[in-house]
Amino acid sequence: MKTIIEPFKIKMVEPIRYTTRKEREEILKGAHYNLFMVKAEDILLDLLTDSGTAAMSASQWAGIMLGDESYAGSRSFFRFENQIKKITGLKHVIPTHQGRAAEHILFSLLGGKGKVIPNNTHFDTTRANVEFSGAEAVDLYIDEGRIPSVDHPFKGNMDLGKLEDLIKRVGSDRIPLAMVTITNNSGGGQPVSLANIRGMKEILSRHAIPLFIDACRFAENSYFIKLREDGYGDKSVLEIAQEIFSYADGCTMSAKKDGLANMGGFLALNDDVLAERARTHLILTEGFPTYGGLAGRDMEAIVVGLEEALDEHYLEYRLASARYLGKKLRQAGFDIFEPPGAHAIYIDAQALLPHIPPTQYPGQALVAEMYLEAGIRAVEIGSVMFGRRDQESGQEKPADLELVRLAIPRRVYTQSHVDFLAEALQNVYDRKDAIKGMKITHETQYLRHFTAKFERVE
Ligand code: F0G
């Protein structure tokens with residue numbers, strides 16, 4: 001069979017609302033051209049994020065009813081702990097309400113002024129938590145990872161030479177841990193190979209630097225390894241995941257991605273002393289160690305979700321969905337970040353809108369235009385998200401790339417939703433030369449993209 005189908009049938013549906021172009025113009029103005037400020041009800045197809053937006057399965061909903069809501073020693077926690085230990089082999093499992101809470105605990109303990117944290121690419125909340133602690137976040141992905149058009153099977157890989165150079169330059173005592181984000185969300189959702197993770201571990205071990213994995217999309221990354229890396233074709237995705245984590249001293253995870261849950265996350269690690277400190281911090285900020293930031297029912301949904309995310313029919317469908325969207329956008333004329341990852345397609349907004357300089361946010365301009373066209377919501381991953389303004393001069397250092405991400409919620413949209421989306425984006429493509437840049441009229445110091453206000457540059 002050539003056609004890859006959704007490996008599920010639909011038991012429950014949720015209506016989506018159409019708006020008129022005139023309504024959308026008003027809505028967009030009211031939201032100051034920031035799609036984070038638009039009500040979800042006013043969106044037709046919501047590709048803002050794949051985080052917390054999955055459709056849960058019947059088994060997950062059944063798990064919700066089985067949640068043990070005991071304050072201490074909940075049965076659901078032990079199931080949660082067992083499941084995560086089975087996949088990661090890590091000794092201590094600390095539940096948090098989502099990924100960034102795990103990051104916050106980790107960097108509160110290990111970050112701080114003078115410290116340097118390397119990563120292939122820090123996700124925005126990871127970078128923000130590193131910087132909030134006073135430490136410096138450094139991105140060390142391979143050169144191929146910077147060029148959207150370059151084809152490479154593992155474009156999310158860390159540049160091991162740059163990692164060695166960094167350690168030599170700043171000294172291992174200033175690097176309390178290194179991270180690797182699988183898949184590399186802020187670098188086009190590209191996977192990282194096992195050879196690369198092994199190489200990282202080898203370098204870091206020589207300098208006694210722990211390796212932590214940002215594991216949000218570990219199942220998708222593991223499936224790419226199965227498909228693309230020599231020697232892994234016959235291994236199960238679970239075995240591949242287990243090998244990945246065998247090189248890790250710890251991980252942070254947002255279960256809102258490959259946990260197939262609407263909320264949740266965890267920090268897992270081997271170091272006993274650090275784990276005790278993390279649990280103390282957890283009690284202060286999240287909750288008692290057997291629930292952290294979660295209800296028992298949330299942990300049950302994650303236990304089942306982690307199992308389902310490793311199902312190879314599901315992963316095959318998941319990757320096929322992204323490939324299909326990528327193909328449609330390519331046909332419409334867009335340059336996309338090649339090759340397609342699993343959770344999203346990234347449009348190269350700078351290539352599409354060469355007349356808009358990075359300081360006028362081509363990605364934000366495109367995102368606004370997509371909403372106007374058909375109520376589609378996507379997210380800018382460019383200078384709005386990663387540009388850095390010098391607090392004194394007000395000058396802005398743009399991001400490396402100006403991308404727009406169309407994230408695909410798990411098990412939510414069908415092929416005809418994607419066909420519709422492609423038709424709408426074709427219209428946007430056809431009038432690209434008339435699209436105008438944006439300027440920021442209000443911003444905050446951290447994570448400004450969530451609340452920034454924009455105006456069109458006339
Ligand atoms: N790390 C990565 C790689 C992520 O993609 C995210 C979230 C986080 C950490 C933080 O997890 O949201 O549970 O606190 N990414 C979402 C996204 C928000 O849209 O890509 P969280």
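The values are calculated or read from the model by the stated rules, or taken from the named source; none is laboratory data. Since this is a predicted model, take the numbers as computed values, not measurements. Cβ placement follows ideal geometry from the backbone for every residue including glycine, while neighbour counts extend to all protein chains displayed.
For residues in segment 53-81 being aliphatic (A, V, I, L, M) and crowded, with 18+ Cβ neighbours inside 10 Å, which is nearest to the ligand (Cβ to nearest atom)?
Filtering segment 53-81 for residues that are aliphatic (A, V, I, L, M) and crowded, with 18+ Cβ neighbours inside 10 Å, the one nearest to the ligand (Cβ to nearest atom) comes out as 54.
Could you tell me whether residue 152 is in the same structural domain as residue 215 (by TED's automatic domain parsing) and assigned to a loop (DSSP other than H, G, I, E, B)?
It is true that residue 152 is in the same structural domain as residue 215 (by TED's automatic domain parsing) and assigned to a loop (DSSP other than H, G, I, E, B).
Please verify whether residue 147 is β-branched (Val, Ile, Thr) and free of Cβ contacts under 8 Å to residues at least 40 places away in the same chain, treating the condition exactly as stated.
Against the criterion (β-branched (Val, Ile, Thr) and free of Cβ contacts under 8 Å to residues at least 40 places away in the same chain), residue 147 qualifies.
Can you tell me how many residues within segment 226-256 are within 15 Å of the ligand (Cβ to nearest atom), closer than 19 Å to residue 101 by Cα and not basic (Lys, Arg)?
6
Determine the pairs where a residue that is touching a residue at least 24 places away in the same chain (Cβ under 8 Å) and over 19 Å from residue 204 (Cβ atoms), located within segment 101-124, has a partner that is assigned to a loop (DSSP other than H, G, I, E, B) and away from the ligand (no atom under 13 Å from the Cβ) with Cβ atoms under 7 Å apart, the partner being 6 or more residues away or on another chain.
Close Cβ pairs satisfying both conditions: 108/133.
Could you run through segment 229-254 and say how many residues are of a type outside the set (A, V, I, L, M, F, W, C), touching a helix residue (DSSP H, G or I) at 6+ places or on another chain (Cβ under 7 Å) and within 23 Å of residue 272 (Cβ to Cβ)?
3
Yes/no matrix, rows are residues, columns are (1) within 16 Å of the ligand (Cβ to nearest atom); (2) modelled with pLDDT of 95 or more; (3) surrounded by fewer than 24 Cβ atoms within 10 Å (Cβ to Cβ); (4) within 21 Å of residue 128 (Cβ to Cβ):
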{"position": "350", "(1), (2), (3), (4)": "no, yes, yes, no"}
{"position": "357", "(1), (2), (3), (4)": "no, yes, yes, no"}
{"position": "361", "(1), (2), (3), (4)": "no, yes, no, yes"}
{"position": "365", "(1), (2), (3), (4)": "no, yes, no, no"}
{"position": "373", "(1), (2), (3), (4)": "no, yes, yes, no"}
{"position": "380", "(1), (2), (3), (4)": "yes, yes, no, yes"}
{"position": "386", "(1), (2), (3), (4)": "yes, no, yes, yes"}
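Residue 125 versus (1) assigned by TED's automatic domain parsing to the domain that holds residue 296; (2) among the β-branched types (Val, Ile, Thr); (3) modelled with pLDDT of 95 or more: which is the lone unmet condition?
Only one criterion is unmet by residue 125, namely (3).
Do we find that residue 50 is of a type in the set (Asp, Glu), within 21 Å of the chain's Cα centre (by Cα) and surrounded by fewer than 21 Cβ atoms within 10 Å (Cβ to Cβ) in this structure?
No, not satisfied.
Could you list, in sequence order, all residues of segment 165-178 that are farther than 22 Å from residue 225 by Cβ and either small (Gly, Ala, Ser) or surrounded by 14 or more Cβ atoms within 10 Å (Cβ to Cβ) (or both)?
Correct list: 166, 167, 170, 171, 172, 174, 175, 176, 177.
Inspect segment 98-117 for any residue being within 12 Å of the ligand (Cβ to nearest atom) and in a loop (DSSP other than H, G, I, E, B) and give the result as yes or no.
Yes, some residue in segment 98-117 is within 12 Å of the ligand (Cβ to nearest atom) and in a loop (DSSP other than H, G, I, E, B).
Name the single residue that is surrounded by the most Cβ atoms within 10 Å (Cβ to Cβ) among those in segment 431-450 being among the charged types (D, E, K, R) and modelled with pLDDT under 95.
448
Among the listed residues 118, 95, 153, which satisfies the condition of being surrounded by fewer than 21 Cβ atoms within 10 Å (Cβ to Cβ) and not hydrophobic (A, V, I, L, M, F, W, C)?
153
Criterion first (basic (Lys, Arg) and crowded, with 22+ Cβ neighbours inside 10 Å) does residue 405 satisfy it?
Considered against the rule, which asks whether it is basic (Lys, Arg) and crowded, with 22+ Cβ neighbours inside 10 Å, residue 405 comes out as yes.
For segment 304-347, enumerate the residues that are without any contact (Cβ under 8 Å) to a residue 60 or more places away in the chain and surrounded by fewer than 19 Cβ atoms within 10 Å (Cβ to Cβ).
Hits for segment 304-347 are 323, 327, 330.
If you check residue 394 against the conditions, is it loosely packed, with under 14 Cβ neighbours inside 10 Å, of a type outside the set (Asp, Glu) and out of contact with any His (no Cβ under 6 Å at 6 or more places or on another chain)?
Here the answer is yes, as residue 394 does meet what is asked.
Name every residue in segment 104-136 that is closer than 18 Å to residue 185 by Cβ and among the acidic types (Asp, Glu), in order of residue number.
Answer for segment 104-136, where residues must be closer than 18 Å to residue 185 by Cβ and among the acidic types (Asp, Glu): 124, 131.
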